[in-house]
Amino acid sequence: MAVKLAIFDFDGTLADTYPVFIDSINALAARHGFRRVEKGEEQKLRQLSAVDILRELQLPLWRVPAVISDFRAVMRERIDEVKPFPDIVDTLRTMAEARIALAVATSNTIDNVRTVVGASLLEHFIALECGSTLFGKEYRLRRILQATHIPPSDTLYIGDEIRDAQAAQQAGMSFGAVAWGYTHIDALLRHDPAEVFHAPADLLRLGSARNA
């Protein structure tokens, strides 16, 4: 598809935060009273939506804000361990050179995004929707559309979770699924993504499609 605006999720799409997440999950389970993740269970969880993961781990919805708050604290402390996925930074620079507008929509903090992606690259992004909100990802996507004045028909939200696909649909834009993030690509394919990217370099075809 021809894309004028590519909006990216951060965790699991631009940044490989999964090792820190999985390393800290059982400490969070002990602190907040939900079921720990047993050895060999990760692949099963990668097939599930966020809601199904909460159910699987017996984590009540009312406890989620406190768990997220503690995980953000862990992320702040260990942000130097988090790296961008291989080739993603160069790919984003090439996309910007192809005059594809870039944006980020994430619940992670702007400081963490800047630390991992780099301040110089973020200068090429026309919108940054970062930090906690009560309204979810659809709200972030709509705010970006309002700020950029780019119609949703020309926009692709690129992410690695089922909730990313759902948010894109709710915001009236297409969804691009990446195969290197939190959720297994087979689970994402069940949500009919407009584009599938098996490696960061695959993102470059968006520029080719626009210039065709």
Calculate how large, on average over all directions, the projected area of the Cα convex hull of segment 58-144 is; give the answer in nm² to one decimal.
6.9
Once phi is turned into θ = phi - 60°, what whole-Hz ³J(HN,Hα) does the Karplus curve with 6.51, -1.76 and 1.60 give for every residue of segment 25-37, x standing for Gly and Pro?
4, 6, 5, 5, 4, 5, 6, 10, x, 10, 5, 6, 8
Hey, what did segment 18-81 get for relative contact order, percent, Cα under 8 Å, at least 6 apart?
42
At 222 nm, what value in deg cm²/dmol follows for the chain if DSSP H runs of at least 4 each add -39500 (n - 2.57) and the sum is divided by all its residues, to the nearest 500?
-13000 deg cm²/dmol
When Val67, Val104 are arranged by how many other beta-carbons sit within 10 Å of their Cβ, fewest first, they go Val67, Val104
Got a sec to turn the phi values of segment 83-93 into Karplus ³J(HN,Hα) couplings, 6.51 cos²θ - 1.76 cosθ + 1.60 with θ = phi - 60°, whole Hz, x for Gly and Pro?
10, x, 4, x, 6, 5, 5, 5, 5, 5, 5
Once the Cβ-Cβ distance between Arg76 and Ser49 is put in as r, and R0 is 35 Å, what FRET efficiency do you end up with, to the nearest 0.05?
0.85
How many percent of the alpha carbon pairs in the chain exceed a separation of 23 Å?
44
So what's the net charge close to Ala27: Lys and Arg +1, Asp and Glu -1, counting the other residues with Cβ under 11 Å from its Cβ?
0
Residue exposure sequence - Ile150, Ile110 - by fewest surrounding Cβ within 10 Å:
Ile110, Ile150
Post the alpha-carbon centroid distance, segment 87-113 to segment 25-81, in whole angstrom.
26
Sorting Val20, Val74 on the 10 Å Cβ count, fewest up front, what's the list?
Val74, Val20
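Read-outs throughout are calculated quantities, based only on the coordinates presented, and are distinct from any laboratory measurement. Remember, predicted model here, so these are calculated numbers, not experimental data. In this analysis, Cβ positions are derived from the backbone assuming ideal geometry, glycine residues included, and neighbour counts consider all displayed protein chains.
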